[in-house]
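The values are calculated or read from the model by the stated rules, or taken from the named source; none is laboratory data. Quantities reported herein were computed from a predicted structural model and do not represent experimental measurements. All Cβ positions, even for glycine, are placed from backbone atoms using ideal geometry, and neighbour counts span all protein chains on display. Surface accessibility is based on the protein's heavy atoms, side chains included, excluding ligands, DNA and RNA. Shrake-Rupley method; radii C 1.70, N 1.55, O 1.52, S 1.80 Å.
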Amino acid sequence: MSNEINVVAAAATPAVDEKIDLQHVEDAAVKREAVLETKLAKYTRWEALRIYWKAVMFGCMCNWAALNDGFQNQLPGNIIANQGFIDTMANTVTDGVPAISAYTISLWGGIGAMAQTIGQFAGASSSDYIGRKGTMTCFTVLFLAASFMEVFSTNWKLWLGGKVLSQLALGMAISTIVTYLSEITPFQLRGTMMGAYQFFFGFGQFFGSIATQVLSITDPTKWRPALASEFIFTGFFMIFLIFLPESPYYYAKKKDAVNAKKMLKKLYGGIDGYDIDYEYQVIEQALEAEAALHHEQSRSDWAEIFRGSNLRRTIAGVLGIIAQPLSGGPVFWSYSSYFFTVSGFEHPFLITVIIFLLLIVTVAIALVCCETVGRRTLLLWGNIAMLFFNIGLAVTGSFNTSGSSRAALAFVILWVLAYGLSVAPIGFAASGETSTPRLRAKTTSFNLGVFAAVYLIFQWTVPYMIAADAANLGVKALYIFAGFLVPTIIALYFFYPETSGRTYQELDELFERKVPARKFKSTQTSVEAANLKNTGLITH
């Protein structure tokens, strides 16, 4: 029972008899607290999957947007390595062969990343003004416009325009879809459905890689029809969008109870025991609690995330997520086919297909292992493995034999396995769960801001590292990322704690006690000492 509820109840109670008042307060508090939890919380995850089938269906329909996001992000990124595309967009010559300059590719990547960041902020704001569905309509129109511009581009400047529209739409989609899924999905399936966004996105990238592989073995000059396939993926989502309900939370925030209940009926209507009026009260109370937390957070200043134990928490969160770009992520994911092409790999598009398939599989395994093996263990050893694989891959660049080519491919695959089992699934979780709840919004925003800044730098600089008309490092560029990983691993060892199996209350305690990061897992907390762990009495 929260102190805030007790204070409100006590203020509304007449001071006649202390004993009666206390009973009245307790009854009022229990009544109010009961509204905060859905009556259908008793169901297991599998029971919820069967009972809430309509909400799950709408969640899967919405996640088609994630598949479209992945496809529209990967296909244009891969196609810049296609010879037919290069012949059309070439603005320089390398070794007597038409090529696209490192400057141009850097411009596409850098400005595209900036557009995506703007789109994320725009999506978050527009979702509150025109609704989640309204924002989905906006980014769908942007995707269509981007595809049209890409298909009919005749020079690198027009392609840049299409890239900006596409990445702006992608940014809006990411922020909107994740919010929408968290609001329409029953809490038993919320983590699964939001995690499914990553899988759908990954499959979209996988399909984009397959499309460029097919293009490379058929007719590389016909790259425009390949890009036109984007209309198919977007078209399916347009159909799904017609049937998707608006989020009841959007209407509840607008104090529009009538439409909010209509949406609840569309999502959950017909389920035995589901009381729409009661569940709307649950939403109202959740929004009130959110507003109270926001008010509490607004009283803190940004400097507080760097004071005392909060500094350790901020560093831990930043390290967890920036390990993605510092390990070499931008080389393998943002410029995958281009990197493999300029580095001399024999089948660059096929390799891209393989690494995305491996990423999907390893992330699925890691989602289980992060709760059993532990986040710190996976993160630390994953980065150590990538350090050696980066060095191994870079060394192969000093040789020009069939054996070195096979070794290079082996190191690429090993790197992807290490990445998928460590920083890929844990990075974004690390950005939020290491902070204290009161400062989570500010800490997470800072962590993601640092991540975006680091990634943006590499979006601009990686083409200059690997392109033939610039540094022409090829696989030797991985020496640079191996260098970044050395201080990253040392910092992770001293700052990143084991968070799996710990409540936020326990994490607060361990940080306040200044327990070393490496001892978080073995240190007994006061909750464990009192035998209250996993008894249901600790809820946060």
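Results for (1) open to solvent by 30 Å² or more (accessible area, probe 1.4 Å); (2) among the charged types (D, E, K, R), shown as yes or no for each residue.
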{"residue": "Leu448", "(1), (2)": "yes, no"}
{"residue": "Ala471", "(1), (2)": "yes, no"}
{"residue": "Tyr479", "(1), (2)": "yes, no"}
{"residue": "Pro487", "(1), (2)": "yes, no"}
{"residue": "Phe494", "(1), (2)": "yes, no"}
{"residue": "Asp508", "(1), (2)": "yes, yes"}
{"residue": "Thr523", "(1), (2)": "no, no"}
For the range 107-124, which positions are buried (at least 20 other Cβ atoms within 10 Å of the Cβ) and closer than 19 Å to Ser337 by Cα? Trp108, Gly109, Gly112, Ala113
Residue match in the range 288-304 (condition: surrounded by fewer than 16 Cβ atoms within 10 Å (Cβ to Cβ) and closer than 27 Å to Gln459 by Cβ): yes
Reported set for the range 201-219 where residues are surrounded by fewer than 22 Cβ atoms within 10 Å (Cβ to Cβ) and within 14 Å of Trp64 (Cβ to Cβ) is Phe203, Phe207
When you look at Val178, is it more than 28 Å from Ile80 (Cα to Cα), among the aliphatic types (A, V, I, L, M) and either open to solvent by 10 Å² or more (accessible area, probe 1.4 Å) or in a helix (DSSP H, G or I) (or both), yes or no? yes
Looking at (1) without any contact (Cβ under 8 Å) to a residue 12 or more places away in the chain; (2) open to solvent by 30 Å² or more (accessible area, probe 1.4 Å), which is the one condition that is false for Ser404? (2)
Looking at the range 130-161, which of the residues that are of a type in the set (Gly, Ala, Ser) and in contact with an Asp or Glu (Cβ under 6 Å, 6 or more places away or on another chain) is nearest to Met114 (Cα to Cα)? Ser147
Do we find a residue being open to solvent by less than 60 Å² (accessible area, probe 1.4 Å), closer than 29 Å to Thr503 by Cα and touching a residue at least 40 places away in the same chain (Cβ under 8 Å) anywhere in the range 383-395? yes
Any residue at all in the range 75-85 that is closer than 30 Å to Phe340 by Cα and surrounded by fewer than 21 Cβ atoms within 10 Å (Cβ to Cβ)? yes
Given (1) in contact with a helix residue (DSSP H, G or I) (Cβ under 6 Å, 6 or more places away or on another chain); (2) within 20 Å of Phe121 (Cβ to Cβ), index of the condition Met149 fails: (2)
Test set (1) touching a Phe, Trp or Tyr at 6+ places or on another chain (Cβ under 9 Å); (2) of a type outside the set (Asp, Glu); (3) within 30 Å of Ala292 (Cα to Cα) - Gly432 fails condition number: (1)
Test each condition in (1) open to solvent by 20 Å² or more (accessible area, probe 1.4 Å); (2) under 22 Å from Leu67 (Cβ atoms) for Phe237 and report the one that comes out false. (1)
Out of (1) among the hydrophobic types (A, V, I, L, M, F, W, C); (2) surrounded by fewer than 19 Cβ atoms within 10 Å (Cβ to Cβ); (3) outside any helix (DSSP H, G or I); (4) in contact with a helix residue (DSSP H, G or I) (Cβ under 8 Å, 6 or more places away or on another chain), the odd one out for Leu158 is which? (3)
I'd like the full set of residues that are open to solvent by 20 Å² or more (accessible area, probe 1.4 Å), in contact (Cβ under 8 Å) with a residue 24 or more places away in the chain and under 18 Å from the mean Cα position of the chain (by Cα), limited to the range 323-356. Leu326, Ser334
Suppose we filter Ser127, Ser147 for residues that are of a type in the set (Gly, Ala, Ser), within 24 Å of Ser337 (Cα to Cα) and buried (at least 19 other Cβ atoms within 10 Å of the Cβ); which single one remains? Ser147
Looking only at the range 242-255, and only at residues there that are among the charged types (D, E, K, R) and surrounded by 15 or more Cβ atoms within 10 Å (Cβ to Cβ), the one that is nearest to Val141 (Cα to Cα): Glu246
For Ala173, state whether it is surrounded by 19 or more Cβ atoms within 10 Å (Cβ to Cβ) and over 25 Å from Pro248 (Cβ atoms). no
Being assigned to a loop (DSSP other than H, G, I, E, B), on the phi < 0 side of the Ramachandran plot, in contact with a helix residue (DSSP H, G or I) (Cβ under 9 Å, 6 or more places away or on another chain) and crowded, with 17+ Cβ neighbours inside 10 Å narrows it down to one of Ser435, Ser431, so name that one. Ser435
How many residues of the range 101-148 are under 23 Å from the mean Cα position of the chain (by Cα), over 15 Å from Gln72 (Cα atoms) and among the hydrophobic types (A, V, I, L, M, F, W, C)? The answer is 8
Looking at the range 134-141, can you tell me whether even one residue there is open to solvent by less than 10 Å² (accessible area, probe 1.4 Å) and among the β-branched types (Val, Ile, Thr)? yes
